[in-house]
Amino acid sequence: MLRNAVAISVTVMLAALFTACGSGSTGPSYPALGGSYASTSTLTFSNAAAIQNGALSGSLTITLSSADSHGNFTGSYVYGGGATGSGPIAGTERSDGGITITQFGSANVYEDLQYLQNAWPNCDFSQAASSGESGQIAGSTLSFGGTLDFPCAYQVQGGGIEDFSTTLTINFTGTRS
């Protein structure tokens, strides 16, 4: 009888231990990311020519999936309000809500060439170098951004054409609906 009581006690203790520790790995948990975000983009243009310097704002809808067990997510965006352009989004979420965008548009970060080329036809986006995009999800607010460097051609005094190194700072902010 004592032996049965000890066996039952050990079984109960082991069951409690497995329950407290978990019987398997569930992986990290991520803040809620999936959903549709009514968003704005702000593109700040800066170069030494100071001809086109300034900001351009627009609206877009960003739709994202929830992060998988590795933090990966996918989605899409569609510009609105007179702007044109749409495409895929992909990235990775961290358990602290930080995100890294690995794709925005056709093939790479900032490969949304249709929208950018329409806004700045004198710039050569095929030579663009990106800093990458990063940001965060906090509650129902999504924000991310980065920079893109490329040359833009302008007519200079005397009638010649000269390339100027240009930086485009891009920021997106959206609220999940």
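The distance between label points at VAL78 and ILE161 comes to 3.6 nm (points 7 Å beyond Cα on the Cα→Cβ vector).
If you take the alpha carbon atoms of the range 29-95 and fit the smallest convex hull around them, that volume is 109 Å³ per residue.
Among 143-155, 77-89, the peptide with the highest mean count of other Cβ atoms within 10 Å heads the list, and the full ranking is 143-155, 77-89. In terms of its Cα atoms, the range 25-176 spans 68, 29, 22 Å along the principal axes, sorted from long to short.
Per-residue extension of 0.36 nm, minus the Cα-Cα distance of SER177 and SER86, leaves a gain of 30.8 nm for this segment. Computed about the Cα centre, the dipole magnitude for the range 32-170 is approximately 260 debye when only Lys and Arg (+1) and Asp and Glu (-1) carry charge, each at its Cβ. In this simple spin-label model, placing a label point 7 Å from the Cα along the Cα-to-Cβ direction at both THR40 and SER134 gives a separation of 2.5 nm.
Every number in this text was worked out from the coordinates using simple rules, so none of it is lab data. Small disclaimer: the values here were computed from a predicted structure and weren't measured. Using ideal geometry, Cβ is built from the backbone for each residue, glycine included, and neighbour counts are taken over all protein chains shown.
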